[in-house]
1. If amide hydrogens are placed 1.01 Å from N in the peptide plane, which non-local residues have theirs closer than 5 Å to the one on Ser494?
2. Can you tell me how much longer the chain between Ser288 and Asn134 gets when fully stretched, taken as 0.36 nm per residue apart minus their C-alpha distance, in nm with one decimal?
3. Within segment 802-818, list the residues whose amide N lies under 12 Å from a label point set 7 Å along Cα→Cβ of Arg734.
4. Let's test the formula: R0 of 25 Å, r as the Cβ-Cβ distance of Arg383 and Arg480. What FRET efficiency results, to the nearest 0.05?
5. Taking Cα centroids, how far is segment 497-517 from segment 409-461 in Å?
6. Enumerate the residues in segment 558-577 having an amide nitrogen under 12 Å from the point lying 7 Å beyond the Cα of Thr597 toward its Cβ.
7. 7 Å from Cα along Cα→Cβ at both Ile124 and Ser815: what's the point-to-point distance in nm?
8. Tell me, what ³J(HN,Hα) does each residue in segment 292-298 have, in order and in whole Hz, if you take phi through Karplus 6.51 cos²θ - 1.76 cosθ + 1.60 with θ = phi - 60° and put x for Gly and Pro?
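What follows draws every value from the coordinates through simple rules; no lab data is involved. All figures in this text were calculated on a predicted structure; none of them were measured in a lab. Every residue, glycine among them, receives a Cβ derived from its backbone with ideal geometry; neighbour counts consider all protein chains shown.
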Amino acid sequence: MNLSTMPNLFFFLLLAVSAVLVVFPPPSTAQLPPRNPEVEALLRWKQSLGNQTVVSSWIFNQTNGNSSASSPCNWRGISCNSAGNVTGLNLSYTGLQGTLDHLNFSYFPILLLLDLKYNQLNGIIPANIGLLSNLVYLDLSTNSFSGTIPLSIANLTKVVELDFSRNAITGQLDRRLFPDRGSSQAKTGLLSMQRLLFQKTLLGGPLPSEIGNLEKLTILALDDNNFFGPIPESLGNLSKITYLHLNVNQFSGQIPKSLGTLTELTDLSLFYNNLSGSVPEQIGNLSSLIVFHLLGNNLSGQLPPQVCQGRRLENFTAGYNNFTGPIPVSLKNCTSLSRVRLDFNQLTGNLDQDFGVYPNLTRINLSHNNLQGKILTTWAESRNLEILNFGGNSIGGEIPEEIFQLNQLGELDLSSNKISGKIPAQVGNLTKLLLLNLSDNNIFGQIPFAIGGLSNLEKLDLSMNMLSGPIPYQIGDISRLLFLSLSKNHLNGSIPYQIGNLVTLQILLDLSYNSLDGQISSQFGKLKSLEALNLSHNTLSGSVPDSFGQMLSLSAINISFNQLEGPLPDTRIFNVSPPEAFSHNKNLCGYPNQGLTPCNNSVCEGGGKGSKGNLRVIVITVSASLGSLFLLLFLVGVIAFRRKSNRRTQKEDVISGEDIYCGRILYGDIIRATDDFDDAYCIGEGGSAKVYKVNLPSGQEVAVKKLFMNEGSENGEIKSFENEIATLTEIRHRNIVKLYGFCHHDKHTFLVCEYMERGSLKNVLSKEREAMELDWSKRVNVVKGVAHALSYLHHNCVPPIIHRDISSKNVLLNSEMEACVSDFGTAKFLKPDSSNWTTIAGTYGYIAPELSYTMVVTEKCDVFSFGVLTLEILMGSHPAELISNLYTSVDNGQIQLADILDTRLPPPTSQKFKGEMDSILNLAMRCLRVDPHSRPTMYEVSKVLEVNVGAGRSRVNF
């Protein structure tokens, strides 16, 4: 290239570059559009929430400011208008955790929808929420918000739906806690206690009267919280409201008359509060009412006569109050009724005059009032009736045969009336009946044989009538019976041996105050679950069968006022019962401290092999009725005596053990049945024991847990043994494995427990065929069973009992795949005045994280383990990786049900069941929260499962 041309070339390139810069200037920060303030606000809130999958899409693309990535409109849960402004924020049902403290609502001037229901949000509702002046829909329900509703809520004048309900997981009071007749003092005390316990953690306080400014409201839901004080009169300004739920709070005072002006109202729920005074007559003006709940208050006076003025009322509950006066006149022609509860009041009226025909009726409870009249055949026209309860009135006449054509009936209670006549033979038609209570009437004649056809019956009470003739042996066919009382009648003949087939009997068998004769059948020994037996005031003869020793659950017995003779069985129940339980018989003999003559061959006389054997073997008879203090003191003696005995000669070690009892089971029987604990009988092995299946000579199957007694670890094993005994003797629950007895012998130390046919839940889930048999409904029942058991341990035992090793290997299943919690070797009594420090115990993968740094055991440790177990039941395997991701990855808190369900089962198809499974998953996630204080209690979990799972309800179902 000619050097002389280079300056010209350089000048030409300089001009070209300049031209390009003029047309395409370089990027400048000042020229980029500023960040959207809505974006700023959302990202600031996201930062406070941490790494949660639900907000992982909330990313602002700094390098591409003009792209769609710079707008939140494409983020999950965000909706916008055509101009790109945020109009909706919907993160409901996402498991979102955190607070609203860092969400600046002032940046969302045109937000129309804010829906954050069914999450894990806590803290207070910020005052600046009142800046959302265009908001139409606001739902913060089913979270854990606390504090009060900010007064700025009055600025939300365009809101149509406002839902702050259920910010307590479950604030529902258990209706079974209410005493008879709805004692106002008892309910007030219970409500006050609930408020005291939860006022620091629930949303509540006085309800701001400013809510009355929200005149466009159609839905206001504040149920299941801790609001107290009067219901504001200003709610009468909500002229467009259709749905008003203030139930399950602490509201007091009178129902405002202004509510009677809300003519559009279709659903008014005020149940479970502390309201008093009379119901304003103006409520009768609410002609649109479909649902009206007053249950569980302290209301008095008369019910509004025109409560069904509009002929639309379907669900009406006013039970557990103090209402007097007549049945509302408008109910007679209220054919829309489907559910009615007026029980436990003092209402008057005539059953055959004040009620009409209700073709849609499914449940009616008029019990414990002052009603008279008789039962008309027209009640049989309610073909869908499931519950019919008229108990505790003064109703006369006979039971119409037509009633027994109601093939959907599950509960029939006509007790404590003046009903006469016979029990119709058609009673056997009610194959779905669970409860039949005709007690305390004037019913005569024989018990019809057809009663044996009630295959699903769980409670049968025909006591306090004038029934005569023999007990029909067909009663032995009612295979699910838990409670049977035929007492205080004129029954005669012998007791059918078929009653021994009622192996499910648990609560009570009462045949007292009749004229029964003959001998007591040895078949009674098959009633191993029975807890209370009363055969008194009859003319029974012969001896008490030895098979009574097999009735391992008996805690109360009365055989007095009969013609019985001979020795009493040498079992615990006969040793600990008062003398009155055996008095006025022909010639019973037994222990002198029972007021009986000693038997000639009494084993209490001392001497012989049994006396010598007691030098070497300690035998302890265990029952749920014995206190743990007595038991533990006895165990201290056991251990001390054993250590002393170990120093004796080998010659003294040779004993037979034939007469030694473990509870009520012969030690020798167990040794023979297992060939001295041969491994062929072993059905399981853990770190501290082997478990053997034992078939006793009586035919009973039991599980025997034999502890390892290795050198150097004996003290620890004895301590674990003591714990399991002390725990199991204090508790009795259908979802906790039963302890029949235990033995401490030089050679063997073992527990004798209820045998669970299907083994451990862990074993069932590990086998494909058995896992498929454990279908979704059975798995839901397993979750519920474990929850009920833990709720019982934590909240019904004093002091509370912490299991500390809830895992799938310690949940056992019976032949029906029902769950029982087992293995209490690490259990701990939670003493309120103790630090409750402990060493880490439990199964790896189920232990609460706080135990690794606090070493303080609380009931929330069991709650965490329950959460792990629940996920394992849903997934079919231990959720180790899933739980790890909850706390270490961006997937924190976000789990979709469809992604985790056990693929060996077909997915649930019905929307109702899917919703229930979602509810269980949501509960499990709450139980797995890192902060133990934010986990629910097992009582709360148990009640949520009881109310919302398997009940077919969306809110509250009566």
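1. Hits under the 5 Å cutoff: Asp517.
2. Working: separation 154, 0.36 × 154 = 55.44 nm, distance 2.92 nm.
Extra length available between Ser288 and Asn134 comes to 52.5 nm.
3. Only 818 pass the distance filter.
4. On the way: r = 25 Å, r/R0 = 0.99.
For Arg383 and Arg480, the calculated efficiency is 0.50.
5. One Cα centre to the other: 16 Å.
6. Residues 565-567 qualify, since their backbone N sits under 12 Å from the label point.
7. 6.1
8. 9, 10, 10, 3, x, 10, 10
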